[in-house]
1. So if I take the centroid of the Cα atoms in segment A:390-451 and the same for segment B:370-422, what is the distance between those two points in Å?
2. Straight distance only, please: which lysines reach the Cα of A:Lys33 with their own Cα at less than 23 Å, same-chain residues fewer than 8 apart left out?
3. Residues in segment A:313-355 near a label at A:Ala131, defined as backbone nitrogen under 18 Å from the 7 Å Cα→Cβ point?
4. Rounded to a whole number, what % of the accessible area of the protein assembly as shown do carbon and sulfur atoms account for, probe 1.4 Å?
5. For A:Ile69 and A:Val417, what is the calculated FRET efficiency with R₀ set at 25 Å and r taken between the beta-carbons, to the nearest 0.05?
6. For the cross-link pairs A:Lys224/A:Lys449; A:Lys224/A:Lys333; B:Lys180/B:Lys320; B:Lys320/B:Lys383; B:Lys180/B:Lys327; B:Lys212/B:Lys320, which exceed 30 Å when the distance is taken from alpha carbon to alpha carbon?
7. With +1 on each Lys and Arg Cβ and -1 on each Asp and Glu Cβ, and nothing else charged, work out how big the dipole of the protein assembly as shown is about its Cα centre, in Debye to the nearest 20.
8. With runs of 4+ DSSP H residues as the only contributors, calculate the mean residue ellipticity of chain A at 222 nm using -39,500 (n - 2.57) per run, divided by the residue total and rounded to the nearest 500.
Amino acid sequence: MKQHFLTGLCATTAALTLSAAARADGGYFDGVKGAHAAGRGGAFTARADDVSAVELNPAGLTHIGTTIIQIGNRFSYNQRTYQRNPTLDWSQSGTDETTPPPYVTFAKVSNKTPVQALDPFIGVASNFGLADWAFAFALFSPAGTAREVYPNDGGQRYMMTRRNAQMIDWNLSAAWKYHELFGLGVTLQSVAVPTLEYGLVIDGSPYPHGNPVSSGLDIRANVKGSDLFTLNAILGAWVRPTPNLEIGLSGQVLPSEIQTKSKLAVSFVQPDPTLPNDTVTLERNNVPANDVTLTLPLPMTARLGARYRYLDGDREIFDVELDGVYETWSRVKDFRLDSNNIVASYRGQNVNIGVIDIAKDWRDTFGIHLGGDFVVVPKRATVRAGVYYETPVGTPAYANVDFSDGAQYGGALGASVYFGKVEVAVAGEYRAQSTVYVSDSNSRVYQQKPAGSCPAPYTDGTNCDPRYTGAPSPPVNGGTYDAYSIVGSLEAIYRF
Amino acid sequence: MRAAARVLTLASTLATAGCGDEAKSFAPADVRAGANPAVATLVDVQWTTSAPAVGYVGYGTTPSLGSVSAIERTSTTQHKVSLFGLTPGTTYYYQVVIWQGHDAGESQVQSVTTGAVPTTLPTFTTTGDTSESGMDELVLMPVTTTKPLVVVVSPKGQVLWYHEEDRPRTVTRARFSSDKASVLYDAIDAGGDSEIVRVALDGSSQSAVPVKGLGNDFVQLTNGNFAALAADTRDSNGMMLRGDKLVEVTPGGTATDVASIWNCFNPATAPGDGPAGEWTGASALVVDEGASKTDESDDVFYVALRDLSTIVRIPRATGKCDTVIGKTMPTVSFADPADAFAHPGGFNASSTDLAVLDADGAGAGTSRAIEYALDLTANTATKSWSYTPSPAVHVTSLGHVSQLTQGRRLVNWSTAGRLDLADKNGAQLWSLTGPAGATFGHHVRTDSLDDPSSKP
């Protein structure tokens, strides 16, 4: 027993140390669901022996070998901060530029809704008495930060003021194994987005000069909608060439995207009290209209994991698993809001909103997760740990407060305590983003200015602001981004 | 341990890879300032940037600053901005702000102490509230006390910029150069070694353009040349008389005659009333370069001839006086002969308007500023405004009248060493007086020294 403990401790220590050099995923999602998977830092593709396997590797459901009900919740504190770069407010310089533009600094802003208390996982799996089969149903929201709210007057407001993405994955899985040599599995997944809301401030000014700090024609734009069905599918497999080595492979294989039917709401940030009914009206073909579509592509994912099982007879004492995860986030070039030619009318102007692209230019990510379990007291207590690293999904030029763009790294600890048929599993995780910095010269997220007429390549001296040559409008995402999450998972698993 | 260190180093490298490893600071580098050795009211601030940038300097007598220079007009990596109009012997705080690409940056707030002004620098006193009067412009003019100087004076009488002419010269006119980097003034030498002097506003350089027989006024033309009044001395009935002519002088000093007053008048039939040996006494020059600044053929010159009590209009194309206003062989008559000017000094003229410093038209010992509406079709000049201070002021030469907004006029009582701001009703709003015995040359106005212009 002592030898087993020392071996496990050494392996866990090695995992913690080496995994700092490893890499893993990002984009819309942060981490994994399930206390077992979370406690191992996401290194669960090969093991995948609970209901969370429906997403991580449905073939792993055959490891369960009975009927289980798994209910849990993920609690998280998701802090995001952004410090916008100082700028010169050229709109405040004299027309002859004898009055220099003031140097303007911005207060650091942070997510005003960091606490995410309700993030449940509900699943059931059973082999229905079939020794080589397993079936599962699970309902959960993918791991991530659902809601972020920033000050309406903060330095980030031309990027985003609020985002609320409530997603629910409905999963139905089936798996089959051939003895203890290999197994196959599939999950059909319905991604439902009951609420997708995105808000930002746009500059309604039609004039060429930029308003990098504020504009008298600042308009608050908010789009809110839903998309209740997007089909996805996950295939999985495992193979156990020797009793001590198990390899898992899974993939989310459909190139799907979320496309919400949404409503657009717009209003002046500061209505002019001297003007009667100083509002923004929306219409299409002279008929009031505010319906728009917002499109967000989903990535395809490939997971490959290998784990070493240290056995005492048939009993597994500890394991160490190394996973690689590849996600095709390069599918996300932008978040596209298509107004289908809605015309906004305000203060004597009629502006075709057209298509608003929130530039992303995301990259595929690769992550490495290293983790393992150690059985402290057989059938009584298990501890687990894991670490991970994920390459940045975004290039700094397109950094935004809406999602964490930078490299992600983190570590997790977990434990399970067994009370007869009931297992209580907990996990704690710290996840952080490497600081992302982008200068205004290199930034590529520009103020949305639909009434402007500066044509590409944005060097027209008449219709473009010469202070921002090469840019359609002032860059608005320059600055420093930091993010971290503290995550706790608590689950109860009942094994029949 | 070594392996563990390598692992941690690698981990650290990977943890920060691709996360925006560009420079996070656009602060200007090597920021420094020094009191200008030539002008004690001037501080030069210098800095460098890693890439071409423009910048400006915030400054003030407290760390909270409060004033700003103009922003640089061209991008560069080596920067120098001069802060004008500082109080001598005073500590100033300053901070550099830059715009590099699309990025802004600023330096730390630093301090510098200005130098001491020369003891010969005159002091000015003012009356009248500058805020109520609206006197918010700076005045560039020659001032002669013990020696000639060129100064820029604030509405509160503060000397913001100065340059001493150490040679025995007469200085009657100063203007800002068209490139806004220098002050130009005439240094008239009784011995004929006259020149137009160019002094950089930042004191960094001085050069001169020799002009033979240089007179009391000059103008820098759009083409970079100078139009200047110059002596044209000829024999008249056996006596050498100094008349005047117009010359165009290149920056290299090559002079070309444009027109001569001798072509307009004959001293035998139109004698002047100047001192012996002088005939026309040209005192001031106004140039209208026409609609096209580059087409010189439509240039028109106006010259005030003090000793003939006349102002003439001379198109460059003919070189002849096609319009004569005043006492001698006039083509334009005054609606009221009592409004005629005598011994004109500085003036402003257009085809519809004439404002002139009238040294003697109001009677003996009384000078005035007077303005006329011109009708060059009917050839009449009708008084539209005048200002005669109380008590009376009398000037013997030069002087000037500037036409400001809202009907205000800035009157330069040259030999009396005083400037008055008068309203449209001829009431005094503000006044600036030099030390006893000081005389002023022709002035121009500007809104700032950061972006100076020579407003007449």
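The values are calculated or read from the model by the stated rules, or taken from the named source; none is laboratory data. Quick caveat: nothing in here was measured; it's all calculated off a predicted structure. Every residue, glycine among them, receives a Cβ derived from its backbone with ideal geometry; neighbour counts consider all protein chains shown. The accessibility values were calculated without ligands, DNA or RNA, using every heavy atom of the protein model including side chains. Shrake-Rupley method; radii C 1.70, N 1.55, O 1.52, S 1.80 Å.
1. When both Cα centres are located, 75 Å separates them.
2. A:Lys421
3. Only A:314 fall inside the zone, counting backbone N under 18 Å.
4. 56 percent
5. Calculated value: 0.90.
6. Table pairs above 30 Å Cα-Cα are B:Lys180/B:Lys320; B:Lys180/B:Lys327.
7. Dipole magnitude for the protein assembly as shown comes out near 2880 debye.
8. -1500 deg cm²/dmol
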